[in-house]
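This report refers to the structure that appears directly beneath it.
Each reported figure results from applying straightforward, stated rules to the coordinates on display, with no laboratory input. Given the structure is predicted, the values throughout are model-derived calculations rather than measurements. FYI the Cβ positions are ideal-geometry reconstructions off the backbone, even for glycines, and counts take in every protein chain you see.
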Amino acid sequence: MTFRPIIVACATIMAAAPCTGAMAQAPEPFRTRPITLIVPFPAGGPSDALARAVAQGMAAQLRQSIVVENISGASGTIGLTKVVQAVPDGTTLGFGGAVQEASLRSAARF
């Protein structure tokens, strides 16, 4: 009688056991939370219109809702500071240009 298959089966079960606890405590799936696209300019302007068009295309491709949030002030620094301070889980994106990139670099602590 060979014990090799039994030993392999036991080793597999013991190796997989720690994974089951991690799966039970895993955060909610990415797809259940909407993506927030922060536009650092007032609503109704050309940047807002472009961001909403991009968000619509993203929503179709990702099959997920995208919320466009306009946070204006200080030439875009206030909105992009909110992006920098967001939880780094991939659900908050910023929409800006080269000037806002400079503000973002100064606000972020890379």
Virtual spin-label span in nm between Ala86 and Val54, 7 Å along Cα→Cβ
1.2
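If R0 is 30 Å, what FRET efficiency do you get for Arg63 and Ala43 from their C-beta distance, rounded to 0.05? All intermediate terms of the calculation are to be shown ahead of the outcome.
Details: r = 26 Å, r/R0 = 0.85.
The calculated FRET efficiency here is 0.75.
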